[in-house]
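Okay, so here's the structure we're looking at.
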Amino acid sequence: MTPHLPVPSRPAPRHLLDAGAPPSPQQHHRRRRRRRLCPPRARASAASSPSSSVRCCAAAAPQPTVAAAPAATRTRVFVVSDLHTDYPENMDWVRRLEVGARDAGGVDALVVAGDVAETRDNFARTMEALRDRFEAVFYVPGNHDLWLRREGGRYMDSLEKLTALLDACSELGVDTGPRTIGDLGIIPLFSWYHKSFDKEKDVNSVRVPSLEMACKDFHACQWPSDLGSDDEALAVYFDKLNDKNNDAIEEVKKNSKQILTFSHFVPRQELCPEKRMLYYPNLPKVIGSDFLERRLRAIHSNREDGAACHVFGHTHFCWDSVVDEIRYIQAPLAYPRERKRRMNGGEGWLPFCVYRDGFNPDIYPAIWSDYYNKNSREPENTQLAPWVAKYFRKYY
Ligand SMILES: [Fe+2]
């Protein structure tokens, strides 16, 4: 997700998607230490070196680690989103990933929740590198994957590029449909966002740039005319792509003890900070899909407690929370500049191991989901957070 700002003559502003993460990592650590929330290793690391990276607070240069699984472990599943390997630093991160547990006799799978690369060539290079490292790789497309601006007229529209990416996956042995790995059913879900996903009160105290100005998708993607006019048409179109997998989904549900669904877009608005916290308060209009939430809930219905997980991406906010008995996780690599501002990541935590012969029971610390795990949402409150007010004063 890459909105841009209409203020080119001024100093480069922060990324519009940033919520500003109110506490700095050091403040965050101090607060967490006070509340005894950081894991001991993270506390020790933060205390000994304020600049060192720890997974709960994000850091500059995450070092990928997929250490060999203990002999008794048979199946591990890692998750990551928003690889954006058009950035050489991010491609380098992928190439530095260690080969998984194959040699130890186990199976390591990786779930990639969209936004791999802007060009088809970088996409294929990335997925090939991942297939070399993991026994199984699962993928759903994100918005950046369907951009056309650097494809040199290779595709008529973004749907044609979607077909080309799915074909590339098929050639590389990347899964884009449901499959059971060990006892875990992994189900990719196609989706696209729609404005009506946003049900919360708008911020009206400042002039917020239009979606067309802020969100590059409106220029970098192209759609057949019947999909471009209506707000929900694209969201419905992508949701219906999942219908062809209905039989396979039922089969996977029958053969699996736990289910992990995943999408690029956001299934619930409460998985994004409130508008008053966001540098781009209209962000919720271009991130999520109600159709997606309905579909994943139907898949997870009748699951026992702790057996349902959904992984998503797109907003680049690390997240781990349980809502109505489904665990929602976002583990984005994100942009190098975001990592430098310590918004995401941390040494050794990506890709995040969500399953090791059973779901990892630890909710991983992430600034915004931690915040909402302890504070209730106040969507009626549209008074800008101090860092957002300051930002608008400076740039508008
Ligand atoms: Fe995205």
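As for region 340-347, it holds at least one residue that is closer than 26 Å to Thr85 by Cα, among the basic types (Lys, Arg) and not in a loop (DSSP other than H, G, I, E, B). Screening Pro141 on (1) over 20 Å from Tyr193 (Cα atoms); (2) surrounded by 16 or more Cβ atoms within 10 Å (Cβ to Cβ) shows it passes everything except condition (1).
Under the condition of being among the polar types (S, T, N, Q), closer than 17 Å to Lys285 by Cα and assigned to a helix (DSSP H, G or I), the residues counted in region 192-241 number 1.
So how many residues does region 250-282 have that are under 17 Å from the mean Cα position of the chain (by Cα) and more than 20 Å from Ser321 (Cα to Cα)? Final tally of qualifying residues: 0. Among the residues making up region 134-176, a single one is part of a helix (DSSP H, G or I), more than 16 Å from the ligand (Cβ to nearest atom) and touching an Asp or Glu at 6+ places or on another chain (Cβ under 7 Å): Leu172. Considering (1) crowded, with 16+ Cβ neighbours inside 10 Å; (2) touching a Lys or Arg at 6+ places or on another chain (Cβ under 8 Å); (3) modelled with pLDDT of 95 or more, the lone condition that Lys195 does not fulfil carries the number (1).
Considering (1) away from the ligand (no atom under 16 Å from the Cβ); (2) part of a helix (DSSP H, G or I); (3) touching a residue at least 24 places away in the same chain (Cβ under 8 Å); (4) farther than 16 Å from Ala113 by Cβ, say which one Asn246 fails and leave the rest. Against the list (1) away from the ligand (no atom under 16 Å from the Cβ); (2) part of a helix (DSSP H, G or I); (3) touching a residue at least 24 places away in the same chain (Cβ under 8 Å); (4) farther than 16 Å from Ala113 by Cβ, Asn246 comes up short only on (3). When the residues of region 82-107 are filtered to those that are in a loop (DSSP other than H, G, I, E, B) and either hydrophobic (A, V, I, L, M, F, W, C) or modelled with pLDDT of 95 or more (or both), which remaining residue is surrounded by the fewest Cβ atoms within 10 Å (Cβ to Cβ)? Among them, the one singled out is Val99.
Against the condition under 15 Å from Phe352 (Cβ atoms) and modelled with pLDDT under 95, how does Leu110 come out, does it pass?
Taking the combined requirement at face value, the residue does not satisfy it.
With respect to Pro361, determine if the residue is touching a strand residue (DSSP E or B) at 6+ places or on another chain (Cβ under 9 Å) and in a loop (DSSP other than H, G, I, E, B). Criteria not met by Pro361.
When Glu128 is tested against (1) in contact with a Gly (Cβ under 8 Å, 6 or more places away or on another chain); (2) part of a helix (DSSP H, G or I), only condition (1) is not met. You will find that of Val236, Val252, Val203, the residue that is within 16 Å of Arg294 (Cα to Cα) and of a type in the set (A, V, I, L, M, F, W, C) is Val236 and no other.
The values are calculated or read from the model by the stated rules, or taken from the named source; none is laboratory data. Quick caveat: nothing in here was measured; it's all calculated off a predicted structure. Here Cβ is always computed from backbone atoms with ideal geometry, including for glycine, and neighbour counts include all displayed protein chains.
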